[in-house]
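Encoded as structure tokens, the structure appears first; notes follow it.
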Amino acid sequence: MINIGVLISGRGSNLQAIIDSVEKGEVLAKVALVISNKPEAYGLERAKKHRIPTAVFEPDNFTNKNDYESEIVKALKENKVDLVCLAGYMRIVGHVLLDAYKGKTINIHPALLPAFPGPHGSKQALDYGAKISGVTVHFVDEGCDTGPIILQQAVPVLEGDTEEALSARILEEEHKIYPQAIRLFAEGRLRIEGRKVKIM
Ligand code: GAR
């Protein structure tokens with residue numbers, strides 16, 4: 001059984017989906033630690049309700065990004081975390097965290113990458129006039145939403161869609177696909193080959 005560390009910045013609905021799938025026994029893993037870069041993140045309350053340890057590290061309290069990430073890595077290691085899941089964690093991960101968890105850090109993004117990376121995936125898809133968007137779970141590398149893709153699910157953009165409506169339909173799919181990707185990792189079924197992820 002693997003230990004998961006989840007990094008959040010806000011609402012934490014993907015964190016909740018992960019917790020629920022673990023509690024239902026759909027994913028053989030334990031959520032060992034939830035870390036937020038924001039003390040007010042609602043996801044911290046969700047973790048506490050499930051008696052999951054939490055930690056808050058605010059980047060402004062550190063002199064640089066390396067020091068900030070060193071504290072995160074220390075906490076992850078102390079809690080024996082095997083897989084780091086970014087779930088609405090709105091910061092670019094630096095080399096300190098990536099070196100410690102290379103090939104063991106994954107992220108969920110609300111668009112079909114490589115289209116519409118960055119913080120506003122749904123808005124970008126709408127503004128561009130895309131007819132289909134969706135969700136991507138990928139391994140994290142040094143870039144912004146550029147790492148090898150594990151799973152994707154398409155979501156249609158409907159006539160008259162607002163950012164909120166499209167985001168909500170995408171979010172429903174996020175809650176299904178993220179636990180699936182974690183399950184594949186936990187079962188040792190993902191192999192990174194260059195840009196590609198082979199599912200065994
Ligand atoms: C989710 O839609 C997630 O895909 C997105 O932030 C939201 C967080 O929601 N992440 C990104 O845009 C990363 N580039 P949540 O806090 O309820 O899980």
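Results, tabulated for the structure shown:
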item: Qualifying residue in the stretch 109-118 (condition: farther than 18 Å from Leu171 by Cβ and either within 17 Å of the chain's Cα centre (by Cα) or within 12 Å of the ligand (Cβ to nearest atom) (or both)); result: yes
item: Matching residues, the stretch 80-92, being open to solvent by 50 Å² or more (accessible area, probe 1.4 Å) and away from the ligand (no atom under 16 Å from the Cβ); result: Lys80, Asp82
item: Qualifying residue in the stretch 185-194 (condition: of a type in the set (Val, Ile, Thr) and surrounded by 19 or more Cβ atoms within 10 Å (Cβ to Cβ)); result: no
item: Cross-chain or 6+ apart pairs with Cβ under 7 Å, the stretch 98-127 first and surrounded by fewer than 16 Cβ atoms within 10 Å (Cβ to Cβ), then not hydrophobic (A, V, I, L, M, F, W, C); result: Gly118/Asp145
item: The stretch 128-138, residues that are away from the ligand (no atom under 15 Å from the Cβ) and open to solvent by less than 40 Å² (accessible area, probe 1.4 Å); result: Ala130
item: Any hit, the stretch 31-42, residues being more than 16 Å from the ligand (Cβ to nearest atom) and assigned to a helix (DSSP H, G or I); result: no
item: Any hit, the stretch 4-15, residues being open to solvent by less than 70 Å² (accessible area, probe 1.4 Å), within 16 Å of the ligand (Cβ to nearest atom), of a type in the set (A, V, I, L, M) and over 26 Å from Gly103 (Cβ atoms); result: no
item: Residue selected from the stretch 23-42 under the condition hydrophobic (A, V, I, L, M, F, W, C) and in contact with a helix residue (DSSP H, G or I) (Cβ under 8 Å, 6 or more places away or on another chain), by the criterion surrounded by the most Cβ atoms within 10 Å (Cβ to Cβ); result: Val34
item: Residue within the stretch 53-62 that is within 16 Å of the ligand (Cβ to nearest atom) and among the hydrophobic types (A, V, I, L, M, F, W, C) present; result: yes
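Listed here are the residues, each with its yes/no results for (1) of a type in the set (A, V, I, L, M, F, W, C); (2) in a loop (DSSP other than H, G, I, E, B); (3) free of Cβ contacts under 8 Å to residues at least 60 places away in the same chain.
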| position | (1), (2), (3) |
| --- | --- |
| Thr146 | no, yes, yes |
| Gly160 | no, yes, yes |
| Ala165 | yes, no, yes |
| Tyr178 | no, no, no |
| Ala181 | yes, no, no |
| Gly188 | no, yes, yes |
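The values are calculated or read from the model by the stated rules, or taken from the named source; none is laboratory data. Nothing here was measured: the structure is a model prediction, and the numbers come from that model. With ideal geometry, Cβ positions are generated from the backbone for all residues, glycine too; neighbour counts draw on all protein chains shown. In case anyone asks, the SASA skips ligands and DNA or RNA and just uses the protein heavy atoms, side chains included. Shrake-Rupley method; radii C 1.70, N 1.55, O 1.52, S 1.80 Å.
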